[in-house]
1. Counting only residues that are among the aromatic types (Phe, Trp, Tyr) and free of Cβ contacts under 8 Å to residues at least 60 places away in the same chain, give me the strands (runs of 3 or more DSSP E) lying completely in segment 1-89 with at least 1 of them.
2. How many residues does segment 121-151 hold that are open to solvent by less than 20 Å² (accessible area, probe 1.4 Å) and either basic (Lys, Arg) or touching a Ser or Thr at 6+ places or on another chain (Cβ under 6 Å) (or both)?
3. Of the residues ILE158, ILE171, ILE193, which single one is open to solvent by less than 60 Å² (accessible area, probe 1.4 Å), within 16 Å of the chain's Cα centre (by Cα) and among the aliphatic types (A, V, I, L, M)?
4. So, in segment 67-85, of the ones that are open to solvent by 20 Å² or more (accessible area, probe 1.4 Å) and polar (S, T, N, Q), which residue ends up nearest to the chain's Cα centre (by Cα)?
5. Out of everything in segment 9-28 that is out of contact with any strand residue (DSSP E or B) (no Cβ under 6 Å at 6 or more places or on another chain) and within 15 Å of GLY56 (Cα to Cα), what residue ends up being least open to solvent (accessible area, probe 1.4 Å)?
6. On the basis of being surrounded by 14 or more Cβ atoms within 10 Å (Cβ to Cβ) and of a type outside the set (Phe, Trp, Tyr), does LEU118 make the cut?
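The values are calculated or read from the model by the stated rules, or taken from the named source; none is laboratory data. If you're wondering where the values come from, they're calculated on a predicted model, not measured in any experiment. Glycine also receives a Cβ, built like all others from the backbone with ideal geometry; neighbour counts cover every protein chain displayed. Accessible surface areas use protein heavy atoms only, side chains included; no ligands, DNA or RNA. Shrake-Rupley method; radii C 1.70, N 1.55, O 1.52, S 1.80 Å.
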Amino acid sequence: DHLKNSNCIEMGGPTVNFFTKLRIYQKIKSLEVVNFSNKTVWENQIKEGYNCNYYGNRIAYQHILECSDLSLIKTAKYDAVLSSHNLEHVANPIKALKEWNRVTKKDGALLLILPNKLNNFDLNRPYTSFEHIKDDFQNNVGEDDMTHYDEIIELTDISKDPGVENMKEHIFHSKVNLENRRFHHHVFDRSLINQMIDYCDYELISCLDLNDDLITLCKKKAQKQI
């Protein structure tokens with residue numbers, strides 16, 4: 001209901017989660033989507049323009065942009081940002097969240113879904129600390145960051161990754177992450193999510209932690225009057 005009749009932008013979309021698990025596409029007024037390249041592992045070949053079918057006969061505008069750099073999009077344009085299983089692929093999540101905050105209107109919403117590591121291939125990896133995430137932001141880490149490469153190679157449970165068949169393939173894809181963005185740079189739990197959204201000037205509306213998904217609905221904090 002917080003998103004009903006909203007003009008939305010989705011990072012990395014469209015996703016099946018938003019018309020099955022959460023019936024969002026059925027309720028929103030309009031959608032634009034952002035993907036980082038004209039070719040992705042998930043979408044194959046795509047192009048900029050009104051060409052993205054996201055539900056029934058509904059068409060979204062497709063942006064080819066980094067979701068952490070939306071400088072071509074004006075401030076306070078949208079009612080809400082949607083993101084499902086996208087932010088874990090971003091090297092600098094605070095930078096992304098601050099951009100998402102910028103492009104939403106006063107009291108704008110963010111619906112964020114992140115993977116629950118207990119039931120995916122990150123099972124053996126440690127949770128990322130907020131201090132690490134904040135350092136990445138303060139050091140302006142880019143999407144070419146390979147800090148977590150060794151950890152990802154050593155601790156990913158490839159038996160739970162449907163995208164790779166063996167360790168050789170896992171290593172091959174990981175070495176060219178800037179091209180394919182298959183990395184889960186960071187591993188999130190509820191505490192980390194809550195610290196990030198607070199740091200990025202969001203306030204929590206509700207959350208739901210499921211076997212596969214950590215779901216967070218929040219809104220922009222009110223601007224302090226000077």
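1. Values: elements: 7-11, 30-35, 49-55, 58-64, 78-84.
Per the criteria, 49-55, 58-64.
2. The number of residues fulfilling the criteria is 1.
3. That would be ILE193, the only listed residue that is open to solvent by less than 60 Å² (accessible area, probe 1.4 Å), within 16 Å of the chain's Cα centre (by Cα) and among the aliphatic types (A, V, I, L, M).
4. First pass over segment 67-85, keeping only residues open to solvent by 20 Å² or more (accessible area, probe 1.4 Å): 69, 71-72, 74-77, 79, 85.
Applying the additional criterion that residues be polar (S, T, N, Q) yields 71, 75.
Working: SER71: 17, THR75: 19 Å.
That would be SER71.
5. PHE18
6. Criteria not met by LEU118.
One line per residue, one yes/no per condition, for (1) within 19 Å of GLY12 (Cα to Cα); (2) free of Cβ contacts under 8 Å to residues at least 12 places away in the same chain; (3) in contact with a strand residue (DSSP E or B) (Cβ under 9 Å, 6 or more places away or on another chain); (4) not in a helix (DSSP H, G or I):
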residue	(1), (2), (3), (4)
PRO126	no, no, no, yes
ASP136	no, no, no, no
GLU151	no, no, no, no
ILE193	yes, no, yes, no
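Quick grid of which residues meet (1) modelled with pLDDT under 95; (2) open to solvent by less than 70 Å² (accessible area, probe 1.4 Å); (3) in contact with a Pro (Cβ under 6 Å, 6 or more places away or on another chain):
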position: SER30; (1), (2), (3): no, yes, no
position: VAL34; (1), (2), (3): no, yes, no
position: ILE46; (1), (2), (3): yes, yes, no
position: TYR50; (1), (2), (3): no, no, no
position: ARG58; (1), (2), (3): no, no, no
position: GLN62; (1), (2), (3): no, yes, no
position: LEU65; (1), (2), (3): no, yes, no
